[in-house]
Amino acid sequence: HVEPPSVGDEKEYTITIIAWDGNNSKYWSKTLVYHAAAEGDVIGTVRVVLDATTVGMGILDEGEYEITKGQTAKEILLQFLEDNGYSADYQDGVGFYLRGISRGDMCHGASVPAELWNLILRDGISTKGFTHDRDSLSESDYTKGSGWMYSINSSYPGRSMGNYELTDGD
């Protein structure tokens, strides 16, 4: 456990491990610099990728954003969508929920790949009455239960984007 420095200050901590098993030994040392950033201080960058591969459209847009301490995935996502000409349909209350995004003709030519359709049908997921619009991609387009998901560093956080504070390199 390390004590955080005061906001704006730095502290250095050195971790040293020495291990031996009788005849062999190993020494490892690492110095950590802990800099306490204030709310609103720039702490790095993140990469945003809008991926619609499951409907055959691949990567729609991507970009890199500077982030500040305390900034959430929701805030960066909404800025990214606005910067790229998308409109977001979302619910923001107890948690942030992205219902859909739209931009003129963004889904022209969208088509769920045959292999995925086969899995949907195999699992008995309802497709009756579910359609999609050429200008948007939203919850329940194509199938019941479909919708937008987000991942950070290839994993799916178990909390709302509005509660996920970003870190440098996400």
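The values are calculated or read from the model by the stated rules, or taken from the named source; none is laboratory data. Bear in mind the structure is a predicted one, so any value in this text is a computation, not a measurement. Positions of Cβ are backbone-derived with ideal geometry, glycine not excepted, and every protein chain shown enters the neighbour counts. To get the accessible areas, we keep the full protein, side chains included, count just its heavy atoms, and leave off ligands, DNA and RNA. Shrake-Rupley method; radii C 1.70, N 1.55, O 1.52, S 1.80 Å.
Values for this structure:
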| item | result |
| --- | --- |
| Among Ile101, Ile15, Ile76, residue whose mean-square fluctuation peaks in a GNM of the chain (springs only between Cα atoms under 10 Å) | Ile15 |
| With every protein chain in place, the chain: carbon and sulfur % of accessible area (1.4 Å) | 47 percent |
| Cubic angstrom per residue, convex hull over Cα atoms of the chain | 196 Å³ |
| GNM result for the chain, Cα springs below 10 Å: residue of Ser102, Ser154, Ser29 fluctuating most strongly | Ser29 |
| Positive minus negative residues near Glu165 (Lys, Arg vs Asp, Glu; Cβ under 14 Å) | -2 |
| Value in Å of the Kirkwood radius, where region 15-110 supplies the Cα pairs that are averaged | 17.4 Å |
| Amide N of region 131-147 lying under 12 Å from the label point, which is placed 7 angstrom from the Cα of Thr54 along Cα→Cβ | 138-147 |
| Area accessible to solvent at Val7, 1.4 Å probe radius, in Å² | 100 Å² |
| Accessible surface, per residue, of region 110-170 when the full set of protein chains is kept, probe 1.4 Å, Å² | 68 Å² |
| Euclidean distance between Cα centres, region 18-39 to region 59-138, Å | 42 Å |
| Rounded FRET efficiency, nearest 0.05, which uses the C-beta distance separating Thr167 from Arg103 and R0 of 30 Å | 0.55 |
| Accessible surface of Met57 - all protein chains present, 1.4 Å probe, nearest 10 Å² | 40 Å² |
| Å² of accessible area per residue within region 1-109, as computed with a 1.4 Å probe and no ligands counted | 66 Å² |
| Computed lengthening from Lys144 to Asp123, 0.36 nm per intervening residue step minus Cα-Cα distance | 6.4 nm |
